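Here the structure comes first, spelled out in structure tokens, and everything after it is commentary.
All of the numbers you see were taken from the coordinates with simple rules; none came from a lab. This is a predicted model, so every value here is computed, not measured. Heads up, the Cβs are rebuilt from the backbone with ideal geometry, glycines too, and the neighbour counts pull from every protein chain shown.
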Amino acid sequence: MGILRRIADRFDPEARSEPSWDHLSGINTATGSLHGTRFAENLSTILACVNAISGGVASLPAYAYRQEGTSRRVDPAHPFADLFVAGPNPWQTWPDFAEWLVASTLLAGNGIAEIRSDNAGRVIELRPIPWEWVSVQMLPTGRLAYDVTEITSLYGGTGRTRRLLQDEVIHVKDRSDDGLIGRSRLSRARSVVSAGLEIQTYAESMFGNQATPSGVIEADGKIDADAMDKLRRQFDKAYTGSGNARKAMILDQGVRFKPISVSPEDAELLASRRFTVEELARLYQVPPPIIGDLTNGTFTNSETVGRWFAQQTLSAWVRKIESEFNRRVMGSTHKLEIDLSGMLRGDPEQRWASHKIAVEAGILDADEVREVEGYAPREVAA
């Protein structure tokens, strides 16, 4: 960096100068994670939890509302509304972007996207930035700067670093320790995640390296090599394979088949893996039935589980996203709302029951319900 640049930076601490190389190490100390976040997704429970939350948020409709005194109205002319339809960038639809943003936050504790505007200041693009490319700096002004090193990307990463200022990014955070950057849940519960990975590694090693037969063949006397090979071939031909399942055995000359049951150690391993599923689901506040663990799930409580997931898990993430977008891109006259009632799209009975209540209470009329459902207003008879 030249001397003129250093002098300029003293008077303009928010200048987009080249950051110190001290901040460009490959380890993100903010998350404190020794395991890569992507590696943690080798645990199917973590992958399922992240998919359930990020996919759930991505499935919800989003609207740009204009505030009109004490009321509000959907504003399809707002520049940001175009991003819901055309997508926030050339490579992602809005659901793709929302899913990526939430998944990044769930795994790394932070989700970052660059805000790109035209000459009039209108938002025209939201460009996702992987958290591992980012180093966050506190400027003398008290504002944050995000130094981004694009190693390789669709945008043609050059390895050079560029600086984005606080108002130029969307930054969704998981719970923070310092109020500035989020901390990954994987690092907060490192022992739980490590135990799950170790159990899985042990299971892979056991099944990959240990021969555990379903039973043994015993004989009263010693069997020579030729007789043993002949017995093995006859046994394989008569009793192995799906076509020979459950066939009655006929053994002679003092030969007996002795089955081998699951050992106590193997049974304990299976129990440990089931317990790990519950622990990791608890880490992300996802009810086990949502991620496919139906040990305690039934058809009678599935509706309650889905409602709990929406109210206790998804609503918190929806609120985080709405607040960040409203602060950064929507302006003082508009608000972003992600509609949780969109979860009723797969439950037409409950959805129409809700419409009926709204009409009977005078909250909506029939044409407004038809508009919500995508129907044209009813024609008035002449």
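Which whole-Hz couplings ³J(HN,Hα) result when phi for each residue of segment 50-66 is put into the Karplus expression 6.51 cos²θ - 1.76 cosθ + 1.60, θ = phi - 60°, listed in order with x for Gly and Pro?
5, 5, 5, 6, 5, x, x, 5, 5, 7, 8, x, 10, 9, 9, 9, 9
Given points 7 Å out from each Cα along the Cα-Cβ axis, report the Asp365 to Glu303 separation in nanometres with one decimal.
3.2 nm
In nm, give the distance between the simple-model label positions of Ile151 and Val255, each being 7 Å from the Cα along the Cα-to-Cβ direction.
Label-label distance for Ile151 and Val255, simple model: 5.8 nm.
Where does each of Phe39, Phe325 land when they are ranked from fewest to most other beta-carbon atoms within 10 angstrom?
Phe39, Phe325
Could you tell me the calculated FRET efficiency between Ser323 and Thr141, based on Cβ-Cβ distance and R0 = 30 angstrom, to the nearest 0.05?
Efficiency at R0 = 30 Å is approximately 0.85.
What ranking do Glu218, Glu322, Glu379 get, fewest neighbouring Cβ atoms within 10 angstrom at the top?
Going from least to most buried by this count: Glu379, Glu218, Glu322.
Could you tell me, in Å, what Rg and Dmax come out for the Cα atoms of segment 112-154?
In order Rg, Dmax, the Cα atoms of segment 112-154 give 12.5, 33 Å.
Where in segment 342-367 is the amide nitrogen less than 13 Å from a point lying 7 Å along the Cα-to-Cβ axis of Glu373?
348-359, 365-367
Can you tell me the length gained on complete extension of the stretch Trp352 to Ala219, counting 0.36 nm per residue apart and subtracting the Cα distance?
40.8 nm is the gain from fully extending Trp352 to Ala219.
If Lys and Arg each add +1 and Asp and Glu each add -1, what is the summed charge of the other residues whose beta carbon sits under 13 Å from the beta carbon of Asp347?
Charge balance near Asp347 sits at +1.
So, R0 is 51 Å and r is the distance between the beta-carbons of Glu68 and Leu47; what FRET efficiency does that work out to, to 0.05?
Computed FRET efficiency for Glu68 and Leu47: 0.70.
If each residue of separation counts as 0.36 nm, what is the full-extension length gain between Asp118 and Asp236 once their alpha-carbon separation is subtracted?
Here the answer is 35.2 nm.
Please arrange Phe309, Phe257 by counting, for each residue, the other beta carbons lying within 10 Å of its beta carbon, fewest first.
Starting with the residue having the fewest Cβ neighbours, the order is Phe257, Phe309.
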